[in-house]
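Colleague: Shown below is the structure under consideration.
The values are calculated or read from the model by the stated rules, or taken from the named source; none is laboratory data. Remember, predicted model here, so these are calculated numbers, not experimental data. All Cβ positions, glycine included, derive from the backbone under ideal geometry; neighbour counts span all protein chains shown. The protein model used for the area step is the full one, side chains on, heavy atoms only, and it has no ligands, DNA or RNA in it. Shrake-Rupley method; radii C 1.70, N 1.55, O 1.52, S 1.80 Å.
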Amino acid sequence: MRISLKSGVSLSLVSTKQFKTTRIAVDLIAPLKSEALTKRLLLASILENSSQKYPNQKILSEELARMYGAGFGVSTERKGNIHALSFNFECVNEHFLNTTDGLLEQGINFLKEIIFEPLLDGKRFDPKTFERQKEVLADYINSVRDDRQLFASLELNNLFFEDTGQALPSFGDIESLDKITNEELYEYYIECLKSNQVEIIISGDITKEQAKELAANLNFTARHPEKLSVFYAQPSQSQVVKERIHHLEISQAKLNLGYSLPVYFQENKYYSALVFNDLFGGQPLSKLFVNVREKSSLAYYASSSYDSFRGFLSVKTGIEAENKKQVLQIIEQQLSELRAGDITKKEIETAKRSLINSYLSQLDHQGVLLSRALFNGLLNKDLQEKEWIEKIKNVTLTDVAEIAKMVDLEAIIFLDGEVKNENN
């Protein structure tokens, strides 16, 4: 259920008795811009660690403990063309406690403090907090290269996407971080509070009236945010496959492939794309796993993933460098078989069953319900559980073959394990 509270401010309610906790998420949503990637992540780190009333982690943690061990966090998420700065709070439903302390009201007041009353020094964030969190983020960015598979994934992203906001890592880059000043970041945050689209999501055993009252207490002003286009659709690239090779000291070569798959979340062919990905490399019985890893013993791992908000299919493998050509051939062979409809009834039914079981198991996670409510609201859709399952069940072999024919290889990243004048 989605309710418009004010212009640019909406509430989504997931009313359920399934969980013993109530969760509240407040998302500040803006169109994705490359120059804001690092700013928003740095903001999340600063806002999560202090406020005027709770000036350090110790005091903040004590307040959460006082609220019967409530949970709290601030994070960012890039999804297609949108960028969310998310404030999350979770507390035990009072029905399960011997108290009438008004935990939800306390939780909303806590979030209100965090969002609107950060720890300041004039018109800037507390300098010690700002510098400390900036150093923590810099250390993380600089450490990414040490995680070779993560580095390969980020490099594939960078090579595949033409738009800078999509090509950069979700945390931005060290150059952008170095340039951020305290005063500039605070000014940017004030602008976010005034202009970003606000999505409030509440999940738990709570009525519509209670939810509206809680959300109204946050006192967000009306605004007219930039129009959001959720999906990123990259223009078709040239027929030449882009390739980038890194010579790094590594025990296991990494071969990652990027394909365009222009099918988007909850569109007509979306469910066929889910079944295709599961058959191709999305689960342990997939063609990539069975044929590249098990039968040919050419990979330590081989899997695929499908980003339905960007029309992007990626394949990740860990291999011996000398097997690169053979691995590429076998991967292409699996795609060719799917394009030709070379799939057994058992394979497609196993894939469908795997997807349905995964979908149902996720319903046991309250955070997943909040995320689904957010995107259903943004897309003005409300797909129910039975309808989702029915759409998966209705996917045919022909549907999968049609999806496979839409898949187009555009980028290859290879970490070959050889050191040739490149830093480790």
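Colleague: Is one or more of the residues making up the range 313-324 closer than 25 Å to Phe375 by Cα and either at pLDDT 95 or above or out of contact with any Gly (no Cβ under 6 Å at 6 or more places or on another chain) (or both)? Explain how you work it out, then say what you get.
Modeller: If we filter the range 313-324 for residues that are closer than 25 Å to Phe375 by Cα, which is where we start, we get 313-314.
Restricting the remaining residues to those that are either at pLDDT 95 or above or out of contact with any Gly (no Cβ under 6 Å at 6 or more places or on another chain) (or both) gives 313-314.
Yes; the residues of the range 313-324 include at least one that is closer than 25 Å to Phe375 by Cα and either at pLDDT 95 or above or out of contact with any Gly (no Cβ under 6 Å at 6 or more places or on another chain) (or both).
Colleague: What single numbered condition from (1) over 30 Å from Val230 (Cβ atoms); (2) outside any helix (DSSP H, G or I); (3) not aliphatic (A, V, I, L, M) fails to hold for Ser86?
Modeller: Here Ser86 meets the rest and fails (1).
Colleague: If I ask for residues that are outside any helix (DSSP H, G or I) and more than 27 Å from Leu154 (Cα to Cα), which ones from the range 315-363 would you list?
Modeller: Initially, the range 315-363 is screened for residues outside any helix (DSSP H, G or I), giving 315-320, 340-344, 363.
Correct list: Ala340, Gly341, Asp342, Ile343, Thr344, Leu363.
Colleague: Got a sec? Which of Leu228, Leu159, Leu150, Leu214 is modelled with pLDDT under 95 and crowded, with 17+ Cβ neighbours inside 10 Å?
Modeller: Going through Leu228, Leu159, Leu150, Leu214 in turn, just one is modelled with pLDDT under 95 and crowded, with 17+ Cβ neighbours inside 10 Å: Leu214.
Colleague: In this structure, does Leu97 turn out to be without any contact (Cβ under 8 Å) to a residue 40 or more places away in the chain, open to solvent by 40 Å² or more (accessible area, probe 1.4 Å) and at negative phi?
Modeller: Values: without any contact (Cβ under 8 Å) to a residue 40 or more places away in the chain: yes; open to solvent by 40 Å² or more (accessible area, probe 1.4 Å): yes; at negative phi: yes.
So Leu97 fits the description; yes.
Colleague: Can you list the helices (runs of 4 or more DSSP H) lying wholly within the range 145-247 that have 1 or more residues being closer than 17 Å to Asp27 by Cβ and not charged (D, E, K, R)?
Modeller: Working: elements: 148-160, 164-167, 174-179, 182-195, 208-216.
Those helices (runs of 4 or more DSSP H) span 182-195, 208-216.
Colleague: Okay, moving on. Inside the range 283-304, can you point out the residues that are among the small types (Gly, Ala, Ser) and in contact with a helix residue (DSSP H, G or I) (Cβ under 7 Å, 6 or more places away or on another chain)? Break it down into steps so the answer makes sense when it comes.
Modeller: Within the range 283-304, the subset among the small types (Gly, Ala, Ser) is 286, 296-297, 299, 302-304.
Result: Ser286, Ser296, Ala299, Ala302, Ser303, Ser304.
Colleague: Then there's this: Which one of these is more than 30 Å from Gly318 (Cβ to Cβ) and in contact with a strand residue (DSSP E or B) (Cβ under 7 Å, 6 or more places away or on another chain): Asn109, Asn182? Spell out how you get there, then give the answer.
Modeller: Numbers: Asn109 fails: in contact with a strand residue (DSSP E or B) (Cβ under 7 Å, 6 or more places away or on another chain).
Only one candidate qualifies: Asn182.
Colleague: Is it true that Leu279 is in a helix (DSSP H, G or I), buried (at least 20 other Cβ atoms within 10 Å of the Cβ), in contact (Cβ under 8 Å) with a residue 60 or more places away in the chain and out of contact with any strand residue (DSSP E or B) (no Cβ under 7 Å at 6 or more places or on another chain)?
Modeller: Details: in a helix (DSSP H, G or I): yes; buried (at least 20 other Cβ atoms within 10 Å of the Cβ): yes; in contact (Cβ under 8 Å) with a residue 60 or more places away in the chain: yes; out of contact with any strand residue (DSSP E or B) (no Cβ under 7 Å at 6 or more places or on another chain): yes.
It is true that Leu279 is in a helix (DSSP H, G or I), buried (at least 20 other Cβ atoms within 10 Å of the Cβ), in contact (Cβ under 8 Å) with a residue 60 or more places away in the chain and out of contact with any strand residue (DSSP E or B) (no Cβ under 7 Å at 6 or more places or on another chain).
Colleague: If I ask for residues that are under 12 Å from Ile330 (Cβ atoms), of a type in the set (A, V, I, L, M, F, W, C) and part of a loop (DSSP other than H, G, I, E, B), which ones from the range 284-300 would you list? Quick ask: steps written out before the conclusion?
Modeller: Kept after step one, since they are under 12 Å from Ile330 (Cβ atoms), are these residues of the range 284-300: 287-299.
With the extra rule that they be of a type in the set (A, V, I, L, M, F, W, C), the set shrinks to 288-290, 292, 298-299.
Within the range 284-300, Leu298 is the sole residue that qualifies.
Colleague: Moving to a separate point now. Which numbered condition in (1) open to solvent by 30 Å² or more (accessible area, probe 1.4 Å); (2) touching an Asp or Glu at 6+ places or on another chain (Cβ under 8 Å); (3) outside any strand (DSSP E or B) is the only one that Tyr54 fails?
Modeller: If we test Tyr54 against (1) open to solvent by 30 Å² or more (accessible area, probe 1.4 Å); (2) touching an Asp or Glu at 6+ places or on another chain (Cβ under 8 Å); (3) outside any strand (DSSP E or B), just (1) comes out false.
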